Structures are given as C-alpha cells and as structure tokens.
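Since the structure comes first, as structure tokens, the remarks are kept for the end.
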Amino acid sequence: MDSFYDTKTSWKKLYQLGELNRLQQNFPYVDADLHQMLVATTVDKDDDRGVLLVGFCDVDARDCKTRPVLPRPYVSDICVHPDYRRKGIAQALIQESERFLQKIPRSNVYIRVEESNHAAIAMYEKLRYTKTGREEADPSKKDSKTILVLQKEFH
C-alpha cells in the first residue's frame, strides 16, 4: 500500500480495503500453472511483527478477459516498500517472474509502467526490456497518466 498510495492520507484504510478486494476478486488461485503472486519478505529483529512483507508482484500468463485487453504474459503490481527500495528487491521479483514464465514456457513478457516512473524504467531497461507502446492509463480522465508498455523476449 505504501508503494502505490499516499498513506498519510485519511483515506488510507479505504485504499487498503479496496486493494485487498481487488486482489481477492481479480486473482483467483486456481491457475497456479499460469499465474502466481510473488512476495519478498525480511525478518526485522527490531520490529515485534517479525517477518515483514517488503515486496510484491503478480505474474499472469492466463488469457486476458478484461477490457481493454492487456498483453500476456504480464508482470504487474510490482511494488517495494519505500524503506526497502534500491536494494535489488524489485529486480529479484522480476527475475523470478521470468523464471516462472520460461518454465511454462513463454517466449516473452510484458510490463506496463507510468512514463513518469524513471527509476522503474531504468531498471527495466537494465533487465533488457524495450518500449513497445504508449497508452493513456484512463482515457476518460483529463489528467490521465501515460503508460509505457515494455516487452522482453526470451532467447
């Protein structure tokens, strides 16, 4: 949550519930051979919660049933808690997603990212992703953000 939303807002709990609902409804667990959610954790000895979730991503090779149709296979919802960024966690999640897809096997993978997210784009380019398209996140909104579509071919 801290990776996607301003969690200092009074709407934090509503955002958390909305995101939990989206994950529960949109990502059934019946397709483990074509779909996985990956998490990165750490043990913080100074934190009484013990194991902390510090990163997440979803990798999906199922046929897309949404409109607009998203490219598949697709790595999405890549996030790392702000306190754990720049430590290779996102890169490790993406590389594990790629290993999963190569076992299926798939010959490529897509990622969509906001054009303004320069740090993420630099990481994807380092991992040999290339830009294949641009689209508006929500064309119905006047201030919609531009999304880049990136692709990586497996050889």
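Just so you know, all these numbers are worked out from the coordinates, no wet-lab data involved. Just so it is clear, the model here is predicted, and its values are computed rather than measured. Glycine also receives a Cβ, built like all others from the backbone with ideal geometry; neighbour counts cover every protein chain displayed.
Could you estimate the translational diffusion coefficient of segment 31-153 from the Stokes-Einstein equation, with Rh from the Kirkwood formula over C-alpha pairs, at 4 °C and 1.567 mPa s, in whole µm²/s? Provide the component values of the computation, followed by the final result.
Details: Rh = 15.6 Å.
D, rounded to a whole number, is 83 µm²/s.
Which ordering of Leu52, Leu38 is given by a fewest-first count of other beta-carbon atoms within 10 Å? Display every interim value, and only then the final one.
Values: Leu52 14, Leu38 17.
Ordered by Cβ neighbours within 10 Å, fewest first: Leu52, Leu38.
Taking 37 °C and 0.692 mPa s as the conditions, I'd like the Stokes-Einstein D for segment 55-124 in µm²/s, using the Kirkwood hydrodynamic radius from alpha carbon pairs. Don't jump to the answer; show the numbers that get you there.
Working: Rh = 12.9 Å.
Rounded to a whole number, D works out at 254 µm²/s.
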### Task
Would you grab the residues whose amide H sits under 5 Å from the one on Asn108? Only those 5+ places off in sequence or on another chain, please, with H modelled 1.01 Å from N.
Phe154
#### Entry: Whole-Hz ³J(HN,Hα) from phi, Karplus 6.51 cos²θ - 1.76 cosθ + 1.60, for segment 113-124, glycine and proline x
8, 4, 4, 7, 8, 4, 5, 5, 4, 4, 5, 4
### Query
HN-Hα J couplings of segment 90-100 from phi, Karplus 6.51/-1.76/1.60, θ = phi - 60°, integer Hz, Gly and Pro as x?
4, 4, 5, 5, 5, 5, 5, 4, 5, 4, 4
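Going by how many other Cβ atoms sit within 10 Å of their own, how do His81, His155 line up, fewest first? Can you show the working numbers first?
Values: His81 17, His155 5.
Sorted ascending by nearby Cβ count, the order is His155, His81.
Can you put Leu70, Leu148 in order, fewest other beta carbons within 10 Å first? Can you show the working numbers first?
Values: Leu70 14, Leu148 20.
Exposure proxy ranking, most exposed first: Leu70, Leu148.
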